[in-house]
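Comments concern the structure below.
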Amino acid sequence: MTALTPVAAEPVAANEGGFGFLRRPSEGWLTLAAAAAMVITQGWSFVDANWTPQQAGNDGFLLYVGSVGLAFGFAGAKLGWGRWRTHVIAAIFAGIFLPLIAGGLVLEYEGRGVGWDPVGLAQRMHRAFEFSRDVWIDLVVLRLPTTFQSAHYQLVFGALVWGAGLLAGYTIFGHRRPLDAVVVLGLVLLANMAMTENHQEVFLVAYSAASLLLLVRTHIFDEQVTWARRRIGEPAAVGRLYLNGGSAFVAAAVLGSIVLMLTASSAPLQGLWRDLPAQLRDLSNALAGLAPGGGNTRPIGGTSFSPTATSSGVWNPSDQIAFNAQLPPGEEERFKWRAGTYAVFNRFGWQWGPVTATQAPAGEPVLSGQADQVTGEGRRPITIDVVPDAFTDPTIVAPNSISSVSVPTVARTTGTQGYLVTIDSAVGRRPYTVEVLVPIIGDADGGLTEARLRSAGFNYPEEVRGLYLALPPDALGPEARDLLARIRAEVEQRGWDPANPYDLARTMEDYLSDDRNFTYATNIQTERDTVCSRLSMVECFAIINRGYCEYYASTMAVLLREAKVPARIAYGFLPGERDANNQERVGGWLAHWWVEVYFPGVGWVEFDPTGGPIGQQRPLPSGSLGPQTPRPSLNVPSRDPGAPIPTFGTGPNNDGGTNNLGIGPFIAIGLILLIGFGALAVATVRRTPSRPMDPDVAWGSLARLAARFGLGPRPSQTVYEYAGALGDEVPSARVELTTIARAKVEVAYGRRSLDSDSLKRIALAFHRLRLAIIGVVVRRVFRRGRGA
């Protein structure tokens, strides 16, 4: 085999060195402009979403900070700094530059604007240190489930956009892997679009056009290098040809995508996306406490609850049907649909607490032997068929209390005696039939009356006291304690006993739900992040007198616990709309919190303190004491049977603690960042080597690698003969083989010394040749396997 003819050097240098990058880069100014457009578009999308709250200052700096990161990546590649040196220098600069910007923005919002003189720089850095320290205290020292600081998000988003620009600069101009930059930056852009309800299609179109133009231009550069090496044409002519055709392709692709975006109406992945929240709810719940509270958040569409609920300060409901329920013909009573309960208050939200799981076969009692097991006395049975829709949890929803279910279940209880937390289907989200026992209201058949609850007394089981009277330190502040005192005074004004649990609970429900005392509001984020910083949600509600069901219910439950009356949070759904066939459609926007109070000899009784048009309260009939019944979990019906069904045009109630509210952004972040990490891993494997490689080392390593797969050189073959023979086996790498072979001959026999750029080209050629050899071997193995 004869040697191949050596090829000419590349028409452009791989690295200009020194300050050559100040002249026209070898890849062309168009490549740099396209990369800058990608980075600026990404930063602009964050500014448009406005994730950082108002008190964090203006986030407009994100428009240009990514370009600074791009400049560092570009300069590092052209100055020959190497990957790690470039990243370290850029990180040091960002570590100084970003805090100065963030600190100055906060000072400007606070009316203490400073300049860039030495004194101003010191003040900026000091303010950045202060809010960073406060975040550390909240999350690490105090171990709070969330932080009420917000200025640090300027640093977070600034670092994200800076890092994206740095990655684009060095990946494109150093590694020569523009596709890696396009994928990673595109995933971040899509994550932001998935989080916000703002219409950001224009950013996607602009990014797509810039990225396509970048890929076309870098492909032209690679083709020019290849044509110059092989001496098969004029590089400038092929460049013009590719650029003209590529520009036409980009224009057509962008125009076509706009038309498709404006006309498409199908949602082929909607079913897959609907099941996603249940699979990733734990991840999204963990991110919820750390995510910023600004912006116009996009709900994911499903409805879900989680073991931990932390208030975000914003109610953002799902607009889909959660489930459908078929009730018996003639059933007129309206029921709340309970999904579970919370036992542990942590100042900023609620948790299940320690739970024990108990399985039950289909059709068998779900709480057999547990403290919250229901009995038939004082109740009437109802059979209900439930078909889940957008409700993504496997949880059994039903009017309190559940007796049995037509599918196998897993009941989660807390405490050694077994107090209900939630009941899940063991076979996933499938239709089921549930048998429930609802309380009878009135004297007949041992039903509930005010007289009976007033006489229930204080003989609480010891475990009820331990579980449902517990409060963390600082659960109540001075305003919350004053609120409790006012409610007790209201009890006395009614002529009731403020020490009686029922009189206190009923008065508290009326007082909290009265619009003269508290205002129902779905967005209290500003007050939560400013007035209520580090205060419990109950103290916050007592100060601002505004909130949604999570705040109403939490305040009532905590105040009752402070008064030594056991109480817990129940969560689920308000009654839905029923049709003529008595089928009830329950929407995700009906998700709701209420309170259950424990009465000895009676069990759990429902109270709903939420104000506005949301809460549904109804006093019990005065009645007589009636016969005592064991410890069932009881629900007081929420409204008169003949009362009209309320209309919730704008969505009645929900809370930031349930995962159907705001879960979409965090799921999107977790999923897309996971894909992003995978893309980065692929980019790392495929990165272009930046260190020079000696020709002797490259040739020896190549021969050893090829020999492992039966492609090694024969003793009689010259360097060029072996390169030609190996090129027949690996035709896609003939140019790389020739590059290494020629360098080997020039150094070994011609006694030439190669410069740094030539040694780097040898490293690049070896890297590509190694992958090509491995690819050939893998394809052979697959062909043999199919042949067998």
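Observations on the model:
- For the range 431-484, taking the residues that are more than 34 Å from the chain's Cα centre (by Cα) and among the β-branched types (Val, Ile, Thr), the one that is nearest to residue 536 (Cα to Cα) is identified as 464.
- When 159, 151 are checked against the criterion of being more than 30 Å from residue 765 (Cα to Cα), out of contact with any strand residue (DSSP E or B) (no Cβ under 6 Å at 6 or more places or on another chain) and open to solvent by 20 Å² or more (accessible area, probe 1.4 Å), a single residue qualifies: 159.
- The range 601-612 residues that are in contact (Cβ under 8 Å) with a residue 60 or more places away in the chain and over 17 Å from residue 439 (Cα atoms), paired with ones that are assigned to a loop (DSSP other than H, G, I, E, B) and open to solvent by 10 Å² or more (accessible area, probe 1.4 Å) (beta carbon under 7 Å, 6 or more apart): 609/615; 611/514; 611/515; 612/515
- Lone qualifier among 375, 422, 414 - being of a type in the set (Ser, Thr, Tyr) and open to solvent by 10 Å² or more (accessible area, probe 1.4 Å): 375
- Scanning the range 182-213 for residues that are over 18 Å from the mean Cα position of the chain (by Cα), within 13 Å of residue 43 (Cα to Cα) and of a type in the set (A, V, I, L, M), we see that the one that is surrounded by the fewest Cβ atoms within 10 Å (Cβ to Cβ) is 204.
The rows are residues; the columns are (1) without any contact (Cβ under 8 Å) to a residue 60 or more places away in the chain; (2) in contact with a Phe, Trp or Tyr (Cβ under 8 Å, 6 or more places away or on another chain); (3) closer than 23 Å to residue 460 by Cα.
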| site | (1), (2), (3) |
| --- | --- |
| 325 | no, yes, no |
| 332 | no, no, no |
| 338 | no, yes, no |
| 347 | no, no, no |
| 351 | yes, yes, yes |
| 370 | yes, yes, yes |
| 374 | no, no, yes |
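A quick yes/no check of all residues on (1) touching a residue at least 12 places away in the same chain (Cβ under 8 Å); (2) more than 33 Å from the chain's Cα centre (by Cα):
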residue	(1), (2)
492	no, yes
503	yes, yes
517	yes, yes
529	yes, no
537	yes, no
545	yes, no
549	yes, no
558	yes, no
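- Considering the conditions (1) in a helix (DSSP H, G or I); (2) under 45 Å from the mean Cα position of the chain (by Cα); (3) free of Cβ contacts under 8 Å to residues at least 40 places away in the same chain, residue 428 is excluded by exactly one of them, (1).
- Every residue from the range 304-343 that is surrounded by fewer than 19 Cβ atoms within 10 Å (Cβ to Cβ) and in a strand (DSSP E or B): 324, 326
The rows are residues; the columns are (1) modelled with pLDDT under 80; (2) of a type in the set (Asp, Glu); (3) in a loop (DSSP other than H, G, I, E, B); (4) open to solvent by 50 Å² or more (accessible area, probe 1.4 Å).
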residue	(1), (2), (3), (4)
7	yes, no, yes, no
10	yes, yes, yes, no
15	yes, no, yes, no
30	no, no, no, yes
33	no, no, no, yes
38	no, no, no, no
47	no, no, no, no
59	no, yes, yes, no
67	no, no, no, no
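- Test: residue in the range 103-119 that is aromatic (Phe, Trp, Tyr) and either in contact with a Cys (Cβ under 9 Å, 6 or more places away or on another chain) or over 30 Å from residue 189 (Cα atoms) (or both): yes
- Among residues of the range 110-153, those that are under 14 Å from residue 57 (Cβ atoms) and either touching a residue at least 24 places away in the same chain (Cβ under 8 Å) or touching a His at 6+ places or on another chain (Cβ under 6 Å) (or both), counted: 9
The values are calculated or read from the model by the stated rules, or taken from the named source; none is laboratory data. Note that the structure is a prediction, hence the values are computed from the model and not measured. Using ideal geometry, Cβ is built from the backbone for each residue, glycine included, and neighbour counts are taken over all protein chains shown. Just so you know, the surface numbers come from the protein's heavy atoms only, side chains and all, with ligands and any DNA or RNA stripped out. Shrake-Rupley method; radii C 1.70, N 1.55, O 1.52, S 1.80 Å.
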